[in-house]
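The values are calculated or read from the model by the stated rules, or taken from the named source; none is laboratory data. Note that the structure is predicted; figures quoted are calculated from it, not measured. Every residue, glycine as well, gets a Cβ built from its backbone with ideal geometry; the counts of neighbours run over all protein chains shown. Side chains are part of the model used for accessible areas, which takes the heavy atoms of the whole protein and leaves out ligands, DNA and RNA. Shrake-Rupley method; radii C 1.70, N 1.55, O 1.52, S 1.80 Å.
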Amino acid sequence: MEREKFIQRATKLINQGVDVLDPMKLDIRGSLKCGKNVKIDINVIIEGDVILDDNVIIDSNCILKDSVIGSDSKIQANSIIESADIGESCLIGPYARIRPGTTLRDNVQIGNYVEVKAATMGAGCKVNHLCYVGDAILEEGVIIGAGTITCNFDGMKNNNTYIEKGAFIGSGCQLVAPVRVGQKAMIGAGSTITKDVPAYELTVARS
């Protein structure tokens, strides 16, 4: 009976113009609203209230819960998005996890095995490989290299990381919050940052 209900909901979407690859493999457990030219692959689960704007593509095996996905964005396979606001023309995944309290502005890229929690990222930010960004604010055009993490929890409470416009964080860095990275600053790969980083300078912190 429950499976029939899922199929009915998927069929209703198809009748509205949504490209559902297989209506038997779309589980809508909440409310789903779609714009024009939306495409949904197999084994997608919808929970809570989800909105997909025009031209959104959801690849296979994704879970979307209580989130808004902006127009022309693509969620690649095996990604989980919960209680998040995704802007226009974003590329998420594959294997990405977007946790509650996250806001991504337009043209943001979140790559494979990246986890984002309670963070706001400005337009054009790129975090493409094996990263954790939590309790952080990134201004426009920030790039974070592979394997970099924000160390947001000190054992007692969460602390914030603030990265200003155009900053570049090299691979394998640890940003120990609370910390602020200045505008267009560069941090060398493998650095552990425990103090604020000045704008327009290269900072390297290695033992």
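What to note about this one:
- Comparing R99, R180, R29 in a Gaussian network model of the chain where C-alpha atoms under 10 Å apart are linked, the largest mean-square fluctuation is found at R29.
- Cα centroids of the stretch 102-140 and the stretch 1-76: 23 Å apart.
- Fraction of antiparallel bridges per DSSP, the chain only, in percent to nearest 5: 0
- In the chain, the longest principal axis of the Cα atoms and the axis of helix 2-15 are about 90 degrees apart.
- Cα gyration tensor category, rounded, prolate or oblate, for the chain with a/c compared to 1.5: prolate
- D19-E201 FRET efficiency (beta carbon distance; Förster radius 45 Å; 0.05 resolution): 0.40
- By accessible area, using a 1.4 Å probe on protein heavy atoms only, the chain has 50% of its surface on carbon and sulfur.
- Cα-based shape type of the stretch 10-101, given that a ≥ b ≥ c are square roots of the gyration tensor eigenvalues and the cut on a/c is 1.5: rounded
- For the set K5/K117; K157/K195; K117/K157, the pairs lying more than 21 angstrom apart at their alpha carbons are K5/K117.
- Against the rule of thumb 2.2 N^0.38 Å, how large the Cα Rg of the stretch 111-162 comes out: 1.08
- A dipole drawn for the chain from +1 and -1 charges on Cβ atoms has a positive end, and of L91, I169, V44 the residue lying farthest that way is I169.
- Structure remark: mean-square fluctuation, Gaussian network model of the chain, C-alpha springs under 10 Å; the largest value among I86, I75, I193 belongs to I193.
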